[in-house]
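**Q** Would you mind keeping the following structure in view while I ask a few things?
The values are calculated or read from the model by the stated rules, or taken from the named source; none is laboratory data. All values derive from a computational prediction rather than experimental measurement. Cβ: placed from backbone, ideal geometry, glycine included. Neighbour counts: every protein chain shown.
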Amino acid sequence: MNDILPGEVERWHRVEAVFRRMAELHGYAEVRTPLLEHTALFARELGEGTDVVEKEMYSFTRHGDELTVRPEGTAGAARAYVEHSIHGKEPVTRWYYAGAMFRGERPAKGRYRQFYQLGCEHFGDAGPLADAEMIDFVALFLRAIELPDFVVHVNSLGSGDTRARYREALRAYFTPLEGALSDDSRRRLANNPLRILDSKDPRDKQAAAGAPSILGLLDEADRAHWEGLLRHLDALGVRYVVDPSLVRGLDYYTRTLFELKTTAGDLGAQNTLVGGGRYDGMVASLGGPKVPAIGFAMGLERLLATSPLSAARPGPACYFAPLCPAGADQALVLARELRARGVSAEVDGRALRLKPMLRRADALGAKLCVLIGDGELERGVVTIKDLTAHTQDEVPLAEAARVLAERAGRASDPEARPA
Ligand code: AMP
């Protein structure tokens, strides 16, 4: 779990702001659900046999409730969707969220126990157009944060009994190879053989190389959905690779699965920036009607580790250096007036001599430093030092807020010089 300090948090803000803006352009509205949900929600929806539920959840009992700190955002969003009968209010719902998730995984670069996800959930549209539009949105978002080196992987898990039939096909394929599998995968062979396909263990990778593809088992409706998705992606000019080994770690997925993996940076095995897919059965399994859905989530830490976007911590536009007690009162009043005009201002309250206060103004990157001492008060003025242009002048106190606001605005233009 990481502390995100000022100086670093500005990059988080930038990426979050791009995401919010783009999500809203695509019709998504923000939903905020609790960090805690009943443990049973995750156990049932993510699947008892999954790594997240089996090994990684932070769960506890309090006041007789078995609770879990959310390991992902989809189950909670779907729970809220059902609980508030959203399906009865609108036919299609687009929600986005941003927040912390918790998984007790083995920490590595790009894999943390508290991490932030940005995600979207789209309820009520069963067609492949929704899938393609979402994948295109994610690809556009990655480009918007200057992250061009990624590959879109897509696959389909089918629906109904496709998965069960595929499970049997995989069991038949892997059973003769059991001795060559990792311990984890030998265990998965009985209850969740799909997971062997996304194991990172080289032994499993080798054994899985000749495994049958689920795409061969799709029924007619699933195949029509899959082909529709590829057609829409082609129409949008989204480049993708069909990846039959893409199964993702949670049980709730149906039909479309997708991941966006970076080919840049040094995230190693943690190169999956974005993961998503359809979960057409979840709303009904939570007691709602049969409402199809698709969603994705991406880890902010991984985006930030790969994106070159930079953002500096903004310094105050005006730094006040009062040189006497009455000057300090005047500085407080002026600083408040500036902030009301939308100009950032900081008052040095340390009652120091000029030099250390100027040093601080420089270190913060302030554009203007305002000196108010006994001399200034007697003359009814303030002294304004322009720290970029290296000029200095006196301005009547009554004019000071207006002039400072004007110059602060102008100083952000590197060509500008005070009159
Ligand atoms: P998932 O919910 O497992 O499909 O993950 C979706 C995305 O969340 C991944 O592609 C990562 O970007 C991010 N993510 C998942 N688990 C972690 C973790 N432990 N630490 C950091 N990011 C994570």
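**Q** Only residues in segment 292-310 that are modelled with pLDDT of 95 or more count as the first member; pair them with residues that are more than 10 Å from the ligand (Cβ to nearest atom) and of a type in the set (Gly, Ala, Ser), Cβ under 6 angstrom, at least 6 apart or cross-chain, and list the lot.
**A** Pairs that qualify, where the first residue is modelled with pLDDT of 95 or more and the partner is more than 10 Å from the ligand (Cβ to nearest atom) and of a type in the set (Gly, Ala, Ser), are Pro292/Ala126; Ile294/Ala130.
**Q** Additional query: Residue pairs, Cβ under 6 Å, 6 or more apart or interchain, first in segment 344-367 and touching a residue at least 24 places away in the same chain (Cβ under 8 Å), second charged (D, E, K, R). List them.
**A** Ala345/Arg339; Met357/Asp348
**Q** Restricting to segment 75-104, count the residues that are within 8 Å of the ligand (Cβ to nearest atom) and not in a loop (DSSP other than H, G, I, E, B).
**A** 1
**Q** Something else about it: Name the residue that is nearest to Val291 (Cα to Cα), counting only residues in segment 229-253 that are more than 16 Å from the ligand (Cβ to nearest atom) and charged (D, E, K, R).
**A** Arg231
**Q** Look at Val92 and say whether it is surrounded by 18 or more Cβ atoms within 10 Å (Cβ to Cβ), more than 21 Å from Ala269 (Cα to Cα) and not basic (Lys, Arg).
**A** Taking the combined requirement at face value, the residue does not satisfy it.
**Q** Let me ask something else about it. So how many residues does segment 105-121 have that are surrounded by fewer than 17 Cβ atoms within 10 Å (Cβ to Cβ) and either more than 17 Å from the chain's Cα centre (by Cα) or more than 9 Å from the ligand (Cβ to nearest atom) (or both)?
**A** Summing the residues that are surrounded by fewer than 17 Cβ atoms within 10 Å (Cβ to Cβ) and either more than 17 Å from the chain's Cα centre (by Cα) or more than 9 Å from the ligand (Cβ to nearest atom) (or both) in segment 105-121 gives 5.
**Q** Follow-up. In segment 56-92, what residues are farther than 18 Å from Ser285 by Cα and under 26 Å from the mean Cα position of the chain (by Cα)?
**A** Glu56, Met57, Tyr58, Ser59, Leu67, Thr68, Val69, Arg70, Pro71, Val92
**Q** Return a yes/no flag: does segment 229-244 have any residue that is assigned to a loop (DSSP other than H, G, I, E, B) and in contact with a Ser or Thr (Cβ under 9 Å, 6 or more places away or on another chain).
**A** Yes, segment 229-244 contains at least one residue that is assigned to a loop (DSSP other than H, G, I, E, B) and in contact with a Ser or Thr (Cβ under 9 Å, 6 or more places away or on another chain).
**Q** Okay, moving on. For segment 274-331, name all the residues that are more than 16 Å from the ligand (Cβ to nearest atom) and under 30 Å from His225 (Cα atoms).
**A** Once the filter is applied, which keeps residues that are more than 16 Å from the ligand (Cβ to nearest atom) and under 30 Å from His225 (Cα atoms), segment 274-331 yields Asp280, Gly281, Val283, Ala284, Ser285, Leu286, Gly287, Gly288, Pro289, Lys290, Val291, Pro292.
**Q** List every residue pair whose Cβ atoms sit under 9 Å apart, with the two residues 6 or more apart in sequence or on different chains, where the first one lies in segment 117-132 and is assigned to a strand (DSSP E or B) and the second, anywhere, is surrounded by 21 or more Cβ atoms within 10 Å (Cβ to Cβ) and polar (S, T, N, Q).
**A** Gly119/Thr74; Glu121/Thr74; Glu121/Thr93; His122/Thr93; Phe123/Thr93
**Q** Determine which single condition Val53 fails, assuming it passes every other condition in (1) away from the ligand (no atom under 16 Å from the Cβ); (2) farther than 30 Å from Ala224 by Cα; (3) over 21 Å from the mean Cα position of the chain (by Cα); (4) among the hydrophobic types (A, V, I, L, M, F, W, C).
**A** (1)
**Q** Have a look at Phe258, Phe320 and point out the one that is assigned to a strand (DSSP E or B), out of contact with any Ser or Thr (no Cβ under 9 Å at 6 or more places or on another chain) and closer than 30 Å to Gly365 by Cβ.
**A** Phe320
**Q** Just to be sure, is Leu304 in a loop (DSSP other than H, G, I, E, B) and not hydroxyl-bearing (Ser, Thr, Tyr)?
**A** No; evaluated as a whole, the condition is false for this residue.
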